[in-house]
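Notes to accompany the following structure.
The values are calculated or read from the model by the stated rules, or taken from the named source; none is laboratory data. Everything numeric here is computed off the predicted structure, so don't read it as measured data. As a convention, Cβ positions derive from the backbone with ideal geometry for all residues, glycine included, and neighbour counts pool all protein chains shown. Only protein heavy atoms, including side chains, enter the accessible area calculation; ligands, DNA and RNA are left aside. Shrake-Rupley method; radii C 1.70, N 1.55, O 1.52, S 1.80 Å.
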Amino acid sequence: MIRTAIAVFLVVALATAILAITGEPGQASIIWLGWRADMTAAAMVLITLLVALLTMIGWRLLLWILEAPRRAERARAEDRRRQANEALTRGFLAAAAGDGSEARRLALKAADLADEAPGLVRVLAAQAAEAAGDAVAVQAAYSAMLGFPEMRLAGHRGLMAQALAQGDKAAALRHAEQAYEMGRTARWAWRAVLEARLEAGDWEGALDLVKSALDRKVVSPIVAERARAALLAASAAQLENAAEPKARSQATDFAVEAAKLQPGFAPGVVMAGRLLAADGKTGRAAQVLETAWKIAPHPALWLAYRDLKTNETPRQRAERLNNLADLNPTARESRILFVEQALIDGVPGRAREAAKALADEPLTIRIAGLFARVAFAAGQPDEARLWMARGVGAPQEPDWTDLDPEGQAFAYLPADWARLTAVYAETGELIHPRHERAEKTMSELPELPVPYTDSAPFLAGQEAAPPPYGVEEGRYDDDEPEPPPPPPVSQRRSHARRRLASAPRAAK
């Protein structure tokens, strides 16, 4: 303000001087207390401005002197705030580095200095206690946070983590539930409660939790949709083998809804197709499987699709599988299925041609076994044995491990469904519990004759060489030739290997 007054004074003084020089200085007289002063008007203006300026400077100087104590107090407060920020920063860094003693010392220092940030001080105290390994202090620090509305959520989270570290799952769940009941969005609390219900196999409670999280915008619609699909599939798996018809009907409804929500979720789709087929709704089951094949082909899908009909000839079955593969011809599973259907149809040349599309695929046991079957069907047993030898050391395909050699596809335990739901909801990834546990899976390598002397008949150029192992229950055309005599019992394939991803056949 003083700078502004000086600038105004200079401007007015300059204007007055210009008027005086031009010959128009004017006249001014002042009479005060018997005194009379005569002067030019220009001098009068300059004196008045000078007096006003000096008065203003004097007033500001007086105010500066009077405000000196308050100014000193503000400086001390600013210095205190700077020290508090420095203590908090160094304290959080020490806690992150695991230096518990230094973090606790700085937390005590910050508590004396940071009057304006009590929340940060409490958080630092809790983290410092965690870094020092003082469970009692950690419990006390997070419990103290519950008394402040703005810190209650952080307190529950810290207490939940502490309870989990101590193995007290009941207390951890209690804190997660209390945090989730608060009006604020807390995804971690929702996830903790969801995992607890999944671990308990409470699929219905988990479904309600997902719905409430979607309503409160805790999770996105796609996460909620994936979680619901997996939970409905788990519910269907739980009710599928129930004795009551009503429960089995409900299992069908759950599986169908899961397939409708996420057609790319193979466990729910395969279960829906299987249950619909068991109810005599083969057409609808085929439609569900076809829709899923267009989105995310999986070997369990075409095996379930294959087993929808049991009274067709190999040629009819091959044509039906070819139509399925045509729905998504560029997919890897479709290229494999083109080879499979050619083998089922008994056309080795077409199978070998279709197998060329898989030449650039990474070698797995399944690919090696498929090429071995193609070579054997084409009358090349030595080539088939070479592929089998390469397949012995090749890795498995995780998708193939979802098939149970002694049961149905995706024969998961409740714990498997819990893990699958949690992972699929968050990422959309289909995990493979049987592969992770290295459980016994369907054999991907065919059983070929071992001695080389047995290979001679297959080198004679027979077009109709028998496949390495049967993929059908038998031929149904009366014009077909009689099948060759069965191999020794040690070389026969088990029925479980032929009946993939399907329920047991009904007795004819």
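What the table shows:
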| read-out | value |
| --- | --- |
| Fraction of the pair-distance distribution of the range 147-187 above 16 Å, Cα-Cα pairs, percent | 29 percent |
| Sorted largest first, extent of the range 335-379 alpha carbons per principal axis (Å) | 26, 17, 13 |
| By accessible area with a 1.4 Å probe, ligands and nucleic acids excluded, highest first: order of I295, I367, I6 | I295, I6, I367 |
| Net +/- balance of residues flanking G428 in space, Cβ distance below 12 Å, scoring K and R +1, D and E -1 | -2 |
| Rounded FRET efficiency, nearest 0.05, which uses the C-beta distance separating I31 from L10 and R0 of 22 Å | 0.15 |
| Above-threshold pairs, the threshold being 28 Å between Cα atoms, out of K217/K294; K211/K260; K260/K281; K169/K260 | K217/K294; K169/K260 |
| Against the rule of thumb 2.2 N^0.38 Å, how large the Cα Rg of the range 107-245 comes out | 1.32 |
| Projected label distance in nm at E244 and E177, using a 7 Å step from Cα toward the beta-carbon | 2.5 nm |
| Förster radius 30 Å - calculated FRET efficiency between A41 and L63 (Cβ-Cβ, nearest 0.05) | 0.35 |
| For the range 172-307, the spread of Cα positions along each principal axis, largest first, Å | 50, 34, 21 |
| Solvent-accessible ranking of K246, K281, largest area first, probe 1.4 Å | K246, K281 |
| Residues listed by number, the range 158-189, amide nitrogen under 11 Å from A135 label point at 7 Å toward C-beta | 162-168 |
| Simple spin-label estimate for F148 and R70 in nanometres, 7 Å along Cα-Cβ | 3.0 nm |
| Nearest-10 value in Å² for the accessible area of W417, using the 1.4 Å probe | 10 Å² |
| Extension gain, E447 back to K281 (0.36 nm per residue minus Cα-Cα distance, nm) | 56.2 nm |
| Segment T330-A165, extension gain: residue separation times 0.36 nm, minus the distance between their alpha carbons | 54.5 nm |
| Per-residue SASA entry for R104, accessible area with 1.4 Å probe, Å² rounded to 10 | 90 Å² |
| Using a Förster distance of 22 Å, the FRET efficiency for K440-D382 (Cβ separation, nearest 0.05) | 0.15 |
